[in-house]
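Single-structure report; data block below.
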Amino acid sequence: MNRISVFDIFKIGIGPSSSHTMGPWRAAQRFLKEIDVPRVQAIRVDLYGSLAKTGKGHGTDLAVLLGLNGDDPVTIPVPAVQSNIAHINATKTIQVNGERPLAFDPETDIVFHMDQSLPYHANGLVFTAFYGNDQGSSHTYYSVGGGFVVKEGEENAESEVQLPHPIDVGKDLEKWCLNGGKSVWEVVWQNELTWRTPDQITTDLHRIWNVMKECIYIGCHTDGTLPGGLDVSRRAKAMSERLMKGRPYSNVDEWVRQISRGGHSFQETLKWVSCFALAVNEENAAFSRVVTAPTNGAAGVIPAVLMYHVCFSDDFREDHIARFLLTAGELGSLFKKGATISAAMGGCQAEIGVSSAMAAAALTECLGGTYAQAMMAAEIAMEHHLGLTCDPIGGLVQVPCIERNTMGAIKAITASQIALESDPSKAKVSLDTVIRTMKETAHDMNSKYKETSDGGLATNFSVNLVEC
């Protein structure tokens, strides 16, 4: 199987969707690298399957425009997302790869094929470059979840990277932990040294955490209504203000310290965890910067659980940030390899369920659990998300998606606590079993519950949407 780094699971980018926004954005960038840009006279984009059905609500068309325009999801200033889109729509022109202007009308040059799907994956898109004299080239890509992109023909390509501890299934991870007497994060650290130096690993992990932390902070200090036409009101800011009770602070780190010094009752802690998750996914829905973890729709679970550990765990240490993210990242890769992290293929169990399992294992390791307890925590969290459908109202990553992140975070904490008080040798269901079950459940699930807005809440709620 492909070898997946933690930094493939955690990607910094723009919301609202990893598979419908980040993936198409990256596909557009890759397309430009594979064509003769100076000769291009026109470009057309065709969207299929779930990308067509919920593409407007998820900003797929906007992501494609920005990718073709030469903008990058990691570095683009958040305000420029909307201003650049407005400029393209007004001028009917893109700056191809940021190099030269090209006529491009989003209304006619991006085609949504609502009733067609491509064979390999529900999230398919085709870019066609026209060079003149009836010459051109078409490139087909699949956004397979979590911002990962596969070009047609690469579906079964194997990785050439050789890791000291190759891991494809949970049993592999268990073997390396048992044989070396290591925790999950220690095994993952050794693998990450294949790609990065120790200092790079630490620096990049803290960069990811800083983006997560900043996203929580901004979300807790921004109010208003989310775009898209559902008129969903932000709630994190009001909740944060009530919980802070007037305690002073001037930046994100002081804010975190004040939370840590505040009340730690069960009720207050529960509210803060929900607040953290709401904040991230309200930012995600507003086309702001988030970390895919492992998807954008589930981007609030891991930051909320890690922030819970930072603020409310007596045993928290600074080095736990790296341990937490390394453990969570490896668990995410197990689900990607053994099942899916794409809601278009597996429903929301592939997003919120996976993120909850990742967070449960990571928290367990940071609280002193064994590798076996960490894997048990992940199994427990996923076991209670099996069959969770993806039926976003209006194709927007808002209802029920934002609140679902609070539920995933709370389940992760609960799963961790159960595992820490349990003997994993007596567990009836293994991590590999639940991953296999999730894959089978995804296969059996009706397609209308796989990010199409053709079933569930999406069809039992009527609203006139305004385009993002």
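Data overview
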{"item": "Residue list for the range 206-251, restricted to those being part of a helix (DSSP H, G or I), of a type outside the set (A, V, I, L, M, F, W, C) and either under 16 Å from Met307 (Cα atoms) or touching a strand residue (DSSP E or B) at 6+ places or on another chain (Cβ under 6 Å) (or both)", "result": "His206, Arg207, Asn210, Lys213, Glu214, Tyr217, Gly219, Ser240"}
{"item": "Conditions (1) assigned to a loop (DSSP other than H, G, I, E, B); (2) surrounded by 24 or more Cβ atoms within 10 Å (Cβ to Cβ); number of the one not met by Arg317", "result": "(2)"}
{"item": "Qualifying residue in the range 139-149 (condition: of a type in the set (S, T, N, Q), surrounded by fewer than 17 Cβ atoms within 10 Å (Cβ to Cβ) and touching a residue at least 24 places away in the same chain (Cβ under 8 Å))", "result": "no"}
{"item": "Helices (runs of 4 or more DSSP H) enclosed by the range 358-468 - at least 1 residues per element that are touching a Leu at 6+ places or on another chain (Cβ under 8 Å) and surrounded by fewer than 20 Cβ atoms within 10 Å (Cβ to Cβ)", "result": "401-420, 431-444"}
{"item": "Any hit, the range 371-386, residues being over 19 Å from the mean Cα position of the chain (by Cα) and hydroxyl-bearing (Ser, Thr, Tyr)", "result": "yes"}
{"item": "Residues located in the range 167-181, provided they are within 29 Å of Ile352 (Cβ to Cβ) and part of a loop (DSSP other than H, G, I, E, B)", "result": "Ile167, Asp168, Val169"}
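Read-outs throughout are calculated quantities, based only on the coordinates presented, and are distinct from any laboratory measurement. What you see is a predicted model, and the numbers here were worked out from it, not measured in a lab. With ideal geometry, Cβ positions are generated from the backbone for all residues, glycine too; neighbour counts draw on all protein chains shown.
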